[in-house]
Amino acid sequence: MASVIQVNLPQQSYEIALAPGGLDKLGEYMSGLKLGKKVLLVSNSTIFPFYGNRAIASLEAAGFEVASCILPDGESYKTPLTLQQIYDTALENRIERSSTMVALGGGIVGDMTGFAAATWLRGINFVQVPTTLLAMVDASIGGKTGVNHPQGKNLIGAFYQPQLVLIDPEVLQSLPVREFRAGMAEVIKYGVIWDAELFAQMEASDSVRDKGDSGEGTLIHNILMRSCQAKADVVGKDEKEAGLRAILNYGHTIAHAVESLTGYTVVNHGEAVAIGMVAAGQIAVELGMWTSKEADRQNALISKVGLPTKLPPGLDIEAIVDSLQLDKKVIAGKVRFVLPTQIGVVTVTDEVPTDIIRNVLRKM
C-alpha cells in the first residue's frame, strides 16, 4: 500500500509516492501523468546493474520507449563534462519536449538528471526514483538540480521540479551501510530544524544504525514519511529559498567547504553534513543561542548513527574559512548560517564572527 505526500507549489504540485515494491510499478505511476512516450532513464554504473532492467521492464510494459544513459559513479563526476553525456544520449535518441528524463539513483544522479531535464529543449518532463536514503529524504524533493564547479559544490544549477518522486524503500536493502548512515545525517537534520518528535524517536531507538524492515509502522517507514513531509512542508512554503527554505541548509555551509577541500573523496555528503551540524551546533552554543546540553544530544545521536563528529585530519582551518566565501548563500560578503535555538527550531543569521568559526573548527 502506497503512502502519498503532496508537494504543493504555485506552478507545479506533485506527489511523493512511498510505495514498497514501487520500482516494478514505475510505468503505471508514470502512465497516470499523461507524459510523452519517450523516456531517457539516467542512472550510474553502481545502481543500474541492480535496478535498471526492472525499471526499464516496467516502463516498457506500460508502453514507453526507453533509452538509457549510464554515468560514472561518484561526486567527482558531478560536472558539466559528465552532464554532456546526458545531452549526447538525449540527442542520439531524439528526446523531445514531450519526453521524460527519469533519474534512477542517488542524489548525484537526481541532481544531474534534473538539471539536464531543466535545460534540454528549455525544459522537459522529469521523474525522480531515488535509490539511497539521502536522496529519498532530501535530494529528490524540492527541485534543486545542478552540477559542481571545481571551486564549489552545486554552483551551477536550477530550480526545476519533478512530475513525481517514487520512493521504493525495499531498494534500501542493497544500500551499503556507509551510504545508509550518510542518509541518516539528513534525517537528523530534519529532527533538529523541524521535527523534535522525530529526533526523540531516533534517540529512543536501538536500531537507528540499521536498515531493518521498511514496512508500515517501522522506524524506517516513519523516518521516510516524517522526513519527506518536513521537506514538502518547507518547500511548499518557500520553493526558491527566499526565506524559510534556507533552514534546510543546516550543517551544509561548512559541509560543502569540507567536501570541496577534500576533493569529494575523503567524506561523503552525509558525513560532511554531520560534521557541519556539529560545527553549527557549537557555534550556536558559543553565541549563547543554544544550550550545551542540547548540542550534546545532537552530537550523541550523530555518533550513535555511526557518523563523524570531527574534521578530517590535515584540513587547513583558514582554507575552510576562505571556502565559506564561495558558498551560494553568501549575501553582500556575509556567510549565512543556520543555527539551532532548541531541538526542532532553528534561525538563520549572517552575524557569526569569523573568530568564533575558527575557534570551533580548531576544537574539531
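No value in this document is a laboratory result; all are computed from the given coordinates. What you see is a predicted model, and the numbers here were worked out from it, not measured in a lab. Note that each Cβ is placed from the backbone with ideal geometry, even for glycine, and that neighbours are counted across all protein chains shown.
List of remarks:
- Couplings for the range 305-320, taken from phi via the Karplus curve 6.51 cos²θ - 1.76 cosθ + 1.60 with θ = phi - 60°, read 6, x, 9, x, 10, 10, 5, x, x, x, 6, 7, 4, 5, 5, 5 Hz in order; Gly and Pro are left as x.
- Positive-end extreme of charge dipole, the chain - chosen from Leu40, Thr131, Ile167 (charges on Cβ): Leu40
- Each peptide among 180-189, 350-359 gets the average number of other Cβ atoms lying within 10 Å of its residues, and from highest to lowest they stand as 180-189, 350-359.
- J(HN,Hα) series, the range 264-274, from Karplus relation 6.51 cos²θ - 1.76 cosθ + 1.60, nearest Hz, glycine and proline x: 6, 10, 8, 10, 8, 4, x, 5, 5, 5, 4
- Potential extension, Ser207-Thr349 segment - 0.36 nm per residue separation minus Cα distance: 47.6 nm
- Separation in nanometres of the label points that stand 7 Å from Cα toward Cβ, at Ser98 and Ala319: 5.2
- FRET efficiency for the Ser13 to Glu197 pair, using the beta carbon distance and R₀ = 25 Å, is estimated at 0.45.
- Once backbone amide H atoms are built at 1.01 Å from N, Ser68 has Leu41 as its partners under 5 Å, excluding neighbours fewer than 5 places away on the same chain.
- Each Lys and Arg Cβ is given +1 and each Asp and Glu Cβ -1; about its Cα centre, the range 3-174 then shows a dipole of about 420 debye.
- Take each peptide in 3-15, 35-47, count the other Cβ atoms within 10 Å of every residue, and average; sorted highest first, the result is 35-47, 3-15.
- The H on the amide N of Val127, modeled in the peptide plane, is under 5 Å from the matching H of Met101, Val102, Ala103, Gln163, each at least 5 residues off or on a different chain.
- Label zone (Arg178, point 7 Å along Cα-to-C-beta; backbone nitrogen cut-off 13 Å) within the range 236-272: 264-272.
- As a length-normalised measure over Cα pairs under 8 Å and 6 or more apart, the relative contact order of the chain settles at 15 percent.
- Projected-area mean, the range 3-174, by convex hull of Cα positions, square nanometres: 8.9
- Net charge over other residues, Cβ less than 13 angstrom from the Cβ of Ser58 (K, R count +1; D, E count -1): -2
- Other residues lying with their Cβ under 13 Å from the Cβ of Trp290 contribute a combined charge of -1, Lys and Arg counting +1, Asp and Glu -1.
- If the segment from Thr309 to Asn53 were pulled out straight at 0.36 nm per residue, it would be longer than the present Cα-Cα gap by 88.3 nm.
- 13 Å beta-carbon shell around Pro10, net charge (K/R +1, D/E -1): 0
- Phi-derived couplings, Karplus 6.51 cos²θ - 1.76 cosθ + 1.60 at θ = phi - 60°, listed residue by residue for the range 200-207: 5, 4, 5, 4, 7, 7, 8, 10 Hz, with x used for Gly and Pro.
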